[in-house]
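These notes concern the structure reproduced below.
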Amino acid sequence: MSSELSAAAKAQPFYRRPFVWVLLLALAGGGVWLVMKPGPQEPATAGAARPPGGSGGGQRGGGMDRPQPVIVAPVEKADMPVYLDAIGTVTARSTVTVRPRVDGQLMRLLFREGQTVKAGDLLAEIDPRPFQVQLAQAEGQMARDRALLLNAQQDLERYRTLVEQDSATRQQLDAQEALVRQYEGAVKTDQAAIDSAQLQLTYSRVTAPVGGKLGLRQVDVGNMVHASDANGLVVITQVQPIDVVFSLPQGQLTALLRLPDGGAGLAVHALAPDSKRPVARGKVLTVDNQIDPATGTVKLKAEFANDDARLFPNQFVAVRLQLDLRRDAVVAPSAAVLRGAPGTFVYVANADKTVSMRPVSIGPGESERTIIESGLQPGEQVVVDGTDKLREGAQIEPVSREEAVKAMTGGGTRKGGREGGAGSPRGGAGATARPAQ
């Protein structure tokens, strides 16, 4: 019987044996206990020492109450020039295409490309021999007709004597007088032919009609040139002096025309568009006599001596026209002027190290300074950097521009380190000089 039971037990499958299920249940229970086992508890003192809201919240709350470092600058009273800015195009005073005035073979070119020439300088020579031959023919015809005229004049004197002696008729005298006048006309025609031949011979020497800078030559020596050639021999551009043409909005025309001579003679500066650096100084020549209806602008022309050849024809330049000079104007840094929902305003630094938002009315300005028509007084301090985190009544740590520059360049490092360093609550000069971002 026992042998049968053992045989039956051996015949059961592996997963039906009881000890296998007991082992699997024990392993599962141990795994659940490990997963659900609680972690180590923090000491009670740690929870008691943490302020309400957690350490991160406490630090954020303290940071909001900490004074904001800003850079301030004073409002001043100064003489402020009023400028009008525009974009202009440099134009040559004159541009001349040098063309031959007679047809012929080009024998010589007497200039270098890019050379500066004066009016009357010899530039090229065309073969003069055909024109010399024409001149010789005209002079020969002149000699012949003069001889005929002289003979006719002598015959006229004889006819007059014969008529007085009744040895010749009046008709013969009149015919001789007409012959003399005919030869006189022929002599005048010959003189004109001589003058024409001499002029053609002169035109065989091509000279500069104006002074200026030469461009690239358009033809080589040995070619046949004609007065009808479109390209000519070379182009001359007059660049000393040179002009700049620019446009202003029609709204600014009234202030311009109030000036003597309609603004003629006003100082004009040409600036490089990339760096706003003055390139040349000139004066206004004239204002155009009509407004362009398509753009609503009026053109002005300014003259520049261009002695250093800094201006080049067809070059684009920024033009700054000094319209006026406001004396003893209230001036603030342009960086302090902000625009928002209230309009134009500034942040004024108060004596108690707080800021006040002050609406202002602004006038003309430039990149660095702006005229304040109302809202500020000379001597007040305005925030020029670090305004993005400010609000009415905010606490600030003001730093002047000079101190900020010194700190950024390392001038205040040693002093800041002695006074408390970057980690101290005040942070030293270096910490307060950094503008708020």
Query raised in the report: residue 221: exposed (fewer than 13 other Cβ atoms within 10 Å of the Cβ), farther than 22 Å from residue 146 by Cα and either hydrophobic (A, V, I, L, M, F, W, C) or over 60 Å from the mean Cα position of the chain (by Cα) (or both), yes or no?
Result: yes
Report summary line: Within the stretch 390-437, residues polar (S, T, N, Q), modelled with pLDDT under 55 and under 30 Å from residue 339 (Cβ atoms) come out as 432, 437
Query raised in the report: Scanning for something part of a helix (DSSP H, G or I) and either touching a Pro at 6+ places or on another chain (Cβ under 6 Å) or more than 30 Å from residue 312 (Cβ to Cβ) (or both), does the stretch 104-117 turn up at least one residue?
Result: no
Requested in this report: Answer with yes or no whether residue 213 is in contact with a strand residue (DSSP E or B) (Cβ under 8 Å, 6 or more places away or on another chain), basic (Lys, Arg) and not in a loop (DSSP other than H, G, I, E, B).
Outcome: yes
Query raised in the report: Quick one: which of 242, 194, 236 is under 30 Å from residue 84 (Cα atoms) and of a type in the set (Val, Ile, Thr)?
Result: 242
Query - Members of the stretch 94-132 found to be among the acidic types (Asp, Glu) and surrounded by 14 or more Cβ atoms within 10 Å (Cβ to Cβ), listed by number - result: 103, 121, 125, 127
Report task. Of all residues in the stretch 118-135, count the ones that are part of a helix (DSSP H, G or I) and either free of Cβ contacts under 8 Å to residues at least 40 places away in the same chain or within 18 Å of residue 209 (Cβ to Cβ) (or both). Result -> 3
Query raised in the report: Of all residues in the stretch 289-308, how many are over 14 Å from residue 84 (Cβ atoms) and open to solvent by less than 60 Å² (accessible area, probe 1.4 Å)?
Result: 5
Query raised in the report: Given the residues 335, 341, which is the only one that is surrounded by fewer than 13 Cβ atoms within 10 Å (Cβ to Cβ), under 28 Å from residue 368 (Cβ atoms) and among the hydrophobic types (A, V, I, L, M, F, W, C)?
Result: 341
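This table checks each residue for (1) more than 30 Å from residue 327 (Cβ to Cβ); (2) in contact with a Cys (Cβ under 9 Å, 6 or more places away or on another chain); (3) hydrophobic (A, V, I, L, M, F, W, C); (4) at pLDDT 85 or above.
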| residue | (1), (2), (3), (4) |
| --- | --- |
| 352 | yes, no, no, yes |
| 356 | no, no, no, yes |
| 359 | no, no, no, yes |
| 364 | no, no, no, no |
| 367 | no, no, no, no |
| 376 | no, no, yes, yes |
| 388 | yes, no, no, no |
Query raised in the report: Does residue 286 fit the bill of being touching a Ser or Thr at 6+ places or on another chain (Cβ under 6 Å) and open to solvent by 10 Å² or more (accessible area, probe 1.4 Å)?
Result: no
Query raised in the report: Taking the stretch 354-396 as the search range and keeping residues that are among the hydroxyl-bearing types (Ser, Thr, Tyr) and outside any strand (DSSP E or B), which one is surrounded by the most Cβ atoms within 10 Å (Cβ to Cβ)?
Result: 387
Requested in this report: Could you tell me whether the stretch 245-252 includes any residue that is more than 30 Å from residue 104 (Cβ to Cβ), among the β-branched types (Val, Ile, Thr), open to solvent by less than 60 Å² (accessible area, probe 1.4 Å) and in contact (Cβ under 8 Å) with a residue 60 or more places away in the chain?
Outcome: yes
Report task. Of all residues in the stretch 172-192, count the ones that are open to solvent by less than 40 Å² (accessible area, probe 1.4 Å) and either closer than 30 Å to residue 234 by Cα or among the hydrophobic types (A, V, I, L, M, F, W, C) (or both). Result -> 4
Query raised in the report: Of the residues 195, 166, which is acidic (Asp, Glu), outside any helix (DSSP H, G or I) and open to solvent by 60 Å² or more (accessible area, probe 1.4 Å)?
Result: 166
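The values are calculated or read from the model by the stated rules, or taken from the named source; none is laboratory data. This structure is a prediction, so every number in the text was calculated from the model and none was measured. Neighbour counts run over all protein chains shown; Cβ positions are idealised from the backbone, glycine included. Surface areas here come from the heavy atoms of the whole protein model, side chains and all, with no ligands, DNA or RNA. Shrake-Rupley method; radii C 1.70, N 1.55, O 1.52, S 1.80 Å.
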